[in-house]
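> My structure is below; once you've seen it, I'll send some questions.
FYI, it's all coordinate maths here, none of it is from the lab. Predicted, not measured: the structure shown is a model, and the values here were computed from it. Quick reminder, even Gly has a Cβ in these numbers, built from the backbone with ideal geometry, and neighbours come from all protein chains shown.
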Amino acid sequence: MHVSTYQWTAVNGWDIHLSSDPTIDLVIVCADNLFFTQAECYRELKTFFPSAQIVGCSSSGNIRGNTVSDGGMVIAAIHFSTTSVVVKSSLIDPGDNIGATLHQLAKEFIDPKLRHLFVLSDGLSISGSELTKTLNDFAIPVTGGLAGDADRFQESWVMVNGPAKRHQVALIGFYGELTVSYGFATGWKEFGPERRVTQSSGSTVYEIDHKPALEIYTKYLGELSKDLPGSGLRFPLSIRDTESAKPYVRTLLGIDANKNSLHFAGDVPQGSLCKLMKTDIDSLIDATIALAKDIIPTTPHQDSLCLVVSCVGRRLVMDQIAEEEIEAIQTVLGSQTTVFGFYSYGEIAPFDSALCSLHNQTTTLTLLSE
């Protein structure tokens, strides 16, 4: 495996002169610029990498090596020695049956040599919860994330061997003798009493303990409540579907003052148990360092690629310290590992007994080595 990374900015264009390279098998693109949505962007990439599968998404910040950047685009160009890649995609418009669409895609990944699936999806129009439920039927570990749109939450885009589109989901299948390790880190801590979600629908919560959900948040946030929903990114919910289940995290994305409801980045089942969460920067970084150490292969590899998908809410909490988390990942994994990825509207990684789950406020790592 050999990985090269490049950057594009509106002012300077590409950071180096790129010429056609037919040896590249896969190009992954992360972008926070309208240029990504234009057909010209894909035409340039295809000119540079004529034999590659080209896949990417819009982001809430781009990760390349030790740096986090906004307003531009980064790409990872990958040549595999023993791995083959299959990329499939589908458009899922609002109201479409996500399960039926993905089950059709599943038929394209029946080869027993399939080692891993990496998914990129529109982060606003496609339900991440429904997406991951169906991906579990693939019976193969899946990681990835939901495309971002900085902190605007207006439109998100996915590119799959053509100009970027909305409402699109992409599946990247890796086949062969590839070593894959993965996991997610949180670093958040629960506080306050555990409560029950007494009325919800999908990702919208109307009542907690039979009280208006918005009132629960305003009570605990105090002065910070005037800055909702933005301030709510610092206080996600810990959710347990049952009393014996492991908790997962849901991030607050919006409020409806008229209905006293809360809108989260993922389903919050009615009847589930919830607690407010908080954190500090050291806890977030320590959790990520522990994860990076945990995914290092026991057998050394010459070169590897670490795909990072981290929550936009996590980045907003860290603010200017966000790069320290990325630097920590690079330090743990070493110089022979290329660190690359994006900030997302939802992270996808196995959880508990599931092969695939939607996470919020996490950093997920997928380490690929040959």
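> What would the Debye equation give as log₁₀ I(q)/I(0) for region 121-202 at q = 0.17, 0.24, 0.26 Å⁻¹, counting only Cα atoms as equal point scatterers?
Cα-only, vacuum Debye calculation for region 121-202: -0.99, -1.25, -1.28.
> Lys/Arg Cβ at +1, Asp/Glu Cβ at -1, dipole of region 8-136 taken about the Cα centre: which of Gly71, Thr134, Ile54 is farthest positive-ward?
My answer, from the dipole projection, is Thr134.
> Could you name the aspartates and glutamates whose alpha carbon sits less than 20 Å from that of Lys133, not counting residues in the same chain fewer than 8 places away?
Reachable aspartates and glutamates: Asp93, Asp96, Glu108, Asp122, Asp241, Asp267, Glu347, Asp352.
> Further question: Just to check, using Stokes-Einstein with a Kirkwood Rh over alpha carbon pairs, what's the diffusion coefficient of region 1-140 at 20 °C and 1.002 mPa s in µm²/s? Could the numbers behind the result be given before it?
Details: Rh = 16.7 Å.
Approximately 128 µm²/s, per Stokes-Einstein.
> Projected onto the charge dipole of the chain (+1 at Lys/Arg Cβ, -1 at Asp/Glu Cβ, origin at the Cα centre), which of Ile16, Gly176, Ala106 gives the Cα projection farthest towards the positive end?
Working it through, the farthest residue towards the positive pole turns out to be Ala106.
> Same structure again: Rounded to the nearest Å, what's the spacing between the alpha carbon centres of region 306-353 and region 195-271? Just the number, please.
Here the two parts' Cα centres lie 25 Å apart.
> Same structure again: Among the lysines, select those whose C-alpha is under 27 Å from the C-alpha of Lys211, and discard any that sit fewer than 8 residues away in the same chain.
Cross-link targets: Lys189, Lys219, Lys226, Lys246, Lys259, Lys275, Lys278.
> Test of understanding: what is the full-extension gain from Lys46 to Val86, defined as 0.36 nm times their sequence separation minus their Cα-Cα distance? Could the numbers behind the result be given before it?
Working: separation 40, 0.36 × 40 = 14.40 nm, distance 1.69 nm.
The Lys46-Val86 span can extend by a further 12.7 nm.
> A further question on this structure: Please work out whether region 283-370 counts as rounded, prolate or oblate from its C-alpha gyration tensor, where a ≥ b ≥ c are the square roots of the eigenvalues and a/c under 1.5 means rounded, while otherwise a/b larger than b/c means prolate and anything else oblate?
oblate
> May I pose another question? Over what distance in Å are the Cα centres of region 34-73 and region 126-175 separated?
16
> Next question. Given region 234-343, report the % of alpha carbon pairs whose separation exceeds 23 Å. Please list the in-between numbers first.
Working: 2598 of 5995 pairs.
So the portion of pairs separated by more than 23 Å is 43 percent.
> Within region 68-84, list the residues whose amide N lies under 17 Å from a label point set 7 Å along Cα→Cβ of Gln320.
Those under the cut-off are 68-70.
> Before rounding to the nearest 500, sum -39500 (n - 2.57) across all DSSP H runs of length at least 4 in the chain and divide by the residue total; then give [θ] at 222 nm in deg cm²/dmol.
Values: 7 runs with 70 residues, N = 370.
One gets -5500 deg cm²/dmol as the mean residue ellipticity at 222 nm.
> Another question, then. Dividing the alpha-carbon radius of gyration of the chain by 2.2 N^0.38 Å (N being the number of residues), what value is obtained?
On the way: Rg = 19.9 Å, N = 370, 2.2 N^0.38 = 20.8 Å.
That works out to 0.95 for the chain.
> Quick one: 3J(HN,Hα) in Hz for region 112-125, Karplus 6.51/-1.76/1.60 with θ = phi - 60°, rounded, Gly and Pro as x.
x, 7, 4, 9, 6, 10, 10, 10, 10, 9, 3, x, 10, 9
> Using DSSP to call loops (not H, G, I, E or B), can you name the GluC sites (Glu not before Pro) in region 166-245 whose Cβ has at most 12 other Cβ atoms within 10 angstrom? Please report the intermediate quantities before stating the final value.
Details: sites: Glu177, Glu190, Glu194, Glu207, Glu215, Glu223, Glu243; in loops: Glu177, Glu243.
Loop-located and lightly packed - Glu177, Glu243.
> Using only the Cα atoms, what convex hull volume per residue in Å³ does region 71-208 have? Please list the in-between numbers first.
Details: hull volume 23.9 nm³, N = 138.
Per-residue hull volume (Cα only) is 173 Å³.
> Show which lysines lie in cross-link reach of Lys46 when reach means a straight Cα distance below 21 angstrom and same-chain residues fewer than eight apart are skipped.
Lys88, Lys165
> Subtract the Cα-Cα distance of Gln38 and Asn258 from 0.36 nm times their separation in residues, and report this length gain in nm to one decimal. Intermediate results must be reported in sequence, preceding the final value.
On the way: separation 220, 0.36 × 220 = 79.20 nm, distance 3.80 nm.
Between Gln38 and Asn258, full extension yields an extra 75.4 nm.
> Report relative contact order for region 139-295 in percent, whole number only (criteria: Cα-Cα under 8 Å, sequence separation at least 6). Please list the in-between numbers first.
On the way: 254 pairs, mean separation 41.6, N = 157.
RCO, region 139-295: 26 percent.
> What are the extents of the Cα atoms of region 189-278 along their three principal axes, in Å, largest first?
Answer, in whole Å and largest first: 35, 26, 21 Å.
> Okay, next question. Could you give the dipole magnitude of region 189-278 about its Cα centre, charging the beta-carbon of Lys and Arg +1 and that of Asp and Glu -1, in debye to the nearest 20?
Values: 13 positive and 11 negative charges, 43 e Å.
So the dipole magnitude of region 189-278 works out to roughly 200 debye.
> Report the convex hull volume per residue for region 28-101, counting only C-alpha atoms, in Å³.
Expressed per residue, the convex hull around the Cα atoms of region 28-101 is 144 Å³.
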